[in-house]
Amino acid sequence: MLRILTDRGTEYCGRVDQHDYQLYLAINDIDHTRTKAMSPQTNGICERFHNAILTEFYQVAFRKKP
């Protein structure tokens, strides 16, 4: 893998010497590209997938109303 695209969430970002994920990417020489702030269309496919999981699984499995 040469490059990975993530959002700007704290689970993916941080200084290389302080964040395990950033350290892993640096060791394996993987370029980490982040989406633009306030730009949900960049990762829209993933967001739609998460919404599908929420509406089709979670709410059905736990009988929650939207």
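The values are calculated or read from the model by the stated rules, or taken from the named source; none is laboratory data. Computed from a predicted structure; not experimentally measured. All Cβ positions, glycine included, derive from the backbone under ideal geometry; neighbour counts span all protein chains shown.
Give the residue that is surrounded by the fewest Cβ atoms within 10 Å (Cβ to Cβ), with candidates limited to residues of the stretch 30-51 that are touching a residue at least 24 places away in the same chain (Cβ under 8 Å) and over 10 Å from Asp7 (Cβ atoms).
Per the stated criteria, the residue is Thr33.
Whether any residue in the stretch 21-29 is surrounded by 13 or more Cβ atoms within 10 Å (Cβ to Cβ) and of a type in the set (Gly, Ala, Ser) is what I want to check.
Yes, the stretch 21-29 contains at least one residue that is surrounded by 13 or more Cβ atoms within 10 Å (Cβ to Cβ) and of a type in the set (Gly, Ala, Ser).
For the structure I just gave you, tell me whether Leu25 is modelled with pLDDT under 85 and touching a strand residue (DSSP E or B) at 6+ places or on another chain (Cβ under 6 Å).
In short, no.
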